[in-house]
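Q: Dropping a structure here in structure tokens format, bear with me for questions.
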Amino acid sequence: MAWTTIRTAVTLDLPAFAEPVEIHHDPAQHALLALDPATGESEVLTTRLPDFPLLPDEAVVKDWSEHSGRPRALAEVGVVELLDAIAVGPFAATAHRVRVLTAGDAA
């Protein structure tokens, strides 16, 4: 994957992210990653739905279980724009199709 840093020192309103993180984006993989610059620990914030068509600046973010609230938290800090909700899997769990915002978009 070819990650590009799109945000630095982002504080997400989620228990799993107590410290500010960097947000990285790989448009070819429709992926976002949170990186703790102090520890080097990272977490992929998006999920792959191979049969779901996405534009290059779009991604899918889970909104269930330990990922509850993640799409909203990313939108609140200007990393993504929420586009629509998607029912995923046999239990129709909710994910969100999002548009990844560049620093210029968020201004």
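The values are calculated or read from the model by the stated rules, or taken from the named source; none is laboratory data. Since we're looking at a predicted model, the values are computed, not measured. A quick note on method: Cβ atoms are made from the backbone with ideal geometry, for glycine too, and the neighbour counts reach across all protein chains shown. Side chains are part of the model used for accessible areas, which takes the heavy atoms of the whole protein and leaves out ligands, DNA and RNA. Shrake-Rupley method; radii C 1.70, N 1.55, O 1.52, S 1.80 Å.
Q: Please find, among Ala93, Ala103, Ala75, the residue that is of a type in the set (Gly, Ala, Ser), closer than 20 Å to Ala28 by Cβ and either out of contact with any Phe, Trp or Tyr (no Cβ under 6 Å at 6 or more places or on another chain) or open to solvent by less than 60 Å² (accessible area, probe 1.4 Å) (or both).
A: None of the others qualify; the one that does is Ala103.
Q: Looking at (1) touching a residue at least 24 places away in the same chain (Cβ under 8 Å); (2) open to solvent by less than 60 Å² (accessible area, probe 1.4 Å); (3) at negative phi; (4) touching an Asp or Glu at 6+ places or on another chain (Cβ under 8 Å), which is the only condition Gly69 fails?
A: In the conditions (1) touching a residue at least 24 places away in the same chain (Cβ under 8 Å); (2) open to solvent by less than 60 Å² (accessible area, probe 1.4 Å); (3) at negative phi; (4) touching an Asp or Glu at 6+ places or on another chain (Cβ under 8 Å), Gly69 misses (3) alone.
Q: Follow-up. Would you mind finding the one in Ala38, Ala2, Ala16, Ala28 that is touching a strand residue (DSSP E or B) at 6+ places or on another chain (Cβ under 7 Å) and either in contact (Cβ under 8 Å) with a residue 24 or more places away in the chain or open to solvent by 60 Å² or more (accessible area, probe 1.4 Å) (or both)?
A: Just one listed residue meets the conditions, Ala2.
Q: Still on this model: Within the range 65-77, is there a residue that is of a type in the set (A, V, I, L, M) and more than 18 Å from Glu22 (Cα to Cα)?
A: Within the range 65-77, not a single residue is of a type in the set (A, V, I, L, M) and more than 18 Å from Glu22 (Cα to Cα).
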